[in-house]
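The values are calculated or read from the model by the stated rules, or taken from the named source; none is laboratory data. Because the structure is predicted, anything quoted here is derived from the model rather than measured. In this analysis, Cβ positions are derived from the backbone assuming ideal geometry, glycine residues included, and neighbour counts consider all displayed protein chains. Note: accessible area is taken over every heavy atom of the protein model, side chains too, but ligands, DNA and RNA are not part of it. Shrake-Rupley method; radii C 1.70, N 1.55, O 1.52, S 1.80 Å.
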Amino acid sequence: SEYETILTSTQGRVGWITLNRPEALNALNTQVMRDVVDAAEAFDADQGIGAIVVTGSERAFAAGADIKEMEALTGTQMLLEGHFAPWSRFAGVRTPVIAAVAGYALGGGCELAMMCDVILAADTAKFGQPEINLGVIPGMGGTQRLTRAIGSYKAAELILTGRQIGAEEADRIGLVSRVVAAAELLDEAQRTAETIASKSLPSLYAATAALDVARESTLAEGLRFEQHAFAALFDTDDQKEGMAAFREKRAAAFRHR
Ligand code: HXC
C-alpha cells in the first residue's frame, strides 16, 4: 500500500480508511495525519466513490494526537509550521464521511470523529476530551465542534474534567448518529455508506456543504482562537509535566494547581 499508517480499500462505491497503528492505539502522529488526509482527498477526487468510512480497531478508533511526538513541540514551532493545519483539508472533504467508532475515541480521536458527517458508534465506544489532564486543551476542533454537537454545558463538563463517556451517553447527548452492536459496526457502516453512495453526487456534495455551513458558521473564528490557545500552552511547564507524566506512566504533578 502507498500508506504507512492506514489501510485503504474500496467496496463498491464506498472507500474505506482504516487507521492501523495498533501499538499506539491509533494515536494520530504526523504520518497518520498525512495518510488520512491524502487518502480522503484521493477518494474525494474519485467520482466512483460516493461515501467514505473512517474506522480504527476494536480497541481504539484513535486514542488522540500522538502525545510522545507532540510533547517536544513548542508553541512557536506550531505557529510557524501550522503543524495540525492539514486536518482542515480532511474536514473539507465533500464526499460524505462516516466515522465507524469502536473503543477509544479520545482527544484528537474524538475530534477526528467530529470532523466526519456521520458518527456510527459500537456499543464499546468511549468518547472523551482528556487533554486537560495533559495540561493543554483540545486543539483539533474539540472546544468548538463538541460545543456545537452537544451544547455548551455538556461540552464544558467533558472538556474541563476530561471524563470519558460510553456509547449510550454519547447517543443520548447527541454526539453520535446511532449506536450498533460492536460485532455489527463494520457491516452497518458499509450498509449506511452504500445507501448514501447510491444517491446523486451533486446532491451529496450540496448536502455536506450545507451541513458544514450549519455546523460551522462562526466556527472559523473559534478554530483560529483555539489553535493559538493550544499552541500557547506548549510554552508552559505544566504541558511538559503532563506529557512527561503520561510517558512515564505516572500521575502528573502540575505546578500551577
Ligand atoms: C501516544 C499513546 C496514546 C497517545 C495510547 N498510547 N494513547 N501514545 N499518544 N495519545 C500508547 C501507550 O503509550 C501505549 O504504548 C499503548 O498506546 C497502549 O496504551 P495503554 O495506555 O497501555 O493502554 P490502556 O492502559 O488500555 O489505556 C488506554 C487509554 C490510554 C486510556 C486510551 O492509552 C490513554 O489515556 N491514552 C492517552 C489518551 C489521551 O490523553 N488523548 C489525548 C491526547 S492529546 P507503550 O509503548 O507506552 O506501552 C490530543 C490533542 C489533540 O489528542 C489536539 C492536537 C492539535
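Probe of 1.4 angstrom, ligands and nucleic acids ignored: what's the accessible area per residue over the chain, in square angstrom?
46 Å²
By the scheme Lys and Arg +1, Asp and Glu -1, what is the net charge of all other residues having a beta-carbon under 9 Å from that of ARG255?
-2
Report the antiparallel proportion of the DSSP beta bridges in the chain as a percent, rounded to a multiple of 5.
25 percent
For SER9 and LEU201, calculate 0.36 nm times their separation in residues minus their Cα-Cα distance, and state this gained length in nm to one decimal.
Full extension of this stretch gives 67.1 nm more.
Can you list residues from other chains, or at least 5 along the same chain, whose modelled amide H is less than 5 Å from the amide H of VAL101?
The list, which skips near neighbours in sequence, is LEU120, ALA121, ALA122.
I'd like to know which of VAL37, ALA24, CYS110 lies farthest towards the positive end of the charge dipole of the chain, counting +1 on Cβ of Lys and Arg and -1 on Cβ of Asp and Glu.
In the chain, that residue is CYS110.
Please work out how much length the chain gains when fully extended from ASP123 to ASP235, using 0.36 nm per residue of separation minus the C-alpha to C-alpha distance, in nm with one decimal.
Stretched out fully, the ASP123 to ASP235 stretch lengthens by 36.5 nm.
Between VAL213, VAL118, VAL32, find the one with the highest GNM mean-square fluctuation for the chain; connect C-alpha pairs within less than 10 Å.
VAL213
With springs only between Cα atoms under 10 Å apart, run a GNM on the chain and tell me which of THR30, THR147, THR218 wobbles the most.
The residue with the greatest mean-square fluctuation here is THR218.
Where nothing but the Cβ of Lys and Arg (+1) and of Asp and Glu (-1) is charged, how large is the charge dipole of the chain around its Cα centre, in debye to the nearest 20?
That gives the chain a dipole magnitude of about 460 debye.
Whole-Hz ³J(HN,Hα) for each residue in the stretch 201-208, computed from phi via Karplus 6.51 cos²θ - 1.76 cosθ + 1.60 with θ = phi - 60°, x for glycine and proline: what do you get?
For the stretch 201-208, the Karplus-derived couplings read 4, x, 6, 5, 4, 5, 5, 5 Hz, x marking Gly and Pro.
If the convex hull of the alpha-carbon atoms of the stretch 1-92 is projected onto planes in all directions, what is the mean projected area in square nanometres?
In nm², the orientation-averaged hull projection of the stretch 1-92 is 6.5.
How large is ³J(HN,Hα), in whole Hz, for each residue of the stretch 161-175 in order, when computed from phi with the Karplus curve 6.51 cos²θ - 1.76 cosθ + 1.60 and θ = phi - 60°, using x for Gly and Pro?
So the J values, rounded to whole Hz, are 9, x, 5, 8, 10, x, 4, 5, 5, 4, 5, 4, 8, x, 7.
Between GLN190, GLN77, GLN164, find the one with the highest GNM mean-square fluctuation for the chain; connect C-alpha pairs within less than 10 Å.
GLN77
Residue farthest toward the positive end of the dipole of the chain, with Cβ of Lys/Arg at +1 and Asp/Glu at -1: which of GLN190, ILE119, SER88?
Positive-most Cα among the choices belongs to ILE119.
Whole-Hz Karplus ³J(HN,Hα) for the stretch 180-190, in order, using 6.51 cos²θ - 1.76 cosθ + 1.60 and θ = phi - 60°, x for Gly and Pro?
Rounded to whole hertz, the list is 10, 4, 3, 5, 9, 3, 5, 4, 5, 4, 4.
Would you mind computing, in nm to one decimal, how far apart the modelled labels at ARG250 and LYS68 are, each placed 7 Å from Cα along Cα→Cβ?
A separation of 1.9 nm, rounded to one decimal place.
Which lysines, on any chain, are close to LYS68 with Cα under 16 Å apart, when same-chain ones fewer than 8 places away are left out?
The qualifying lysines are LYS240, LYS249.
Counting only helical runs of four or more DSSP H residues, what would the 222 nm mean residue ellipticity of the chain come to if each run contributes -39,500 (n - 2.57) and the total is spread over all its residues?
Calculated at 222 nm, the ellipticity per residue is -13500 deg cm²/dmol.
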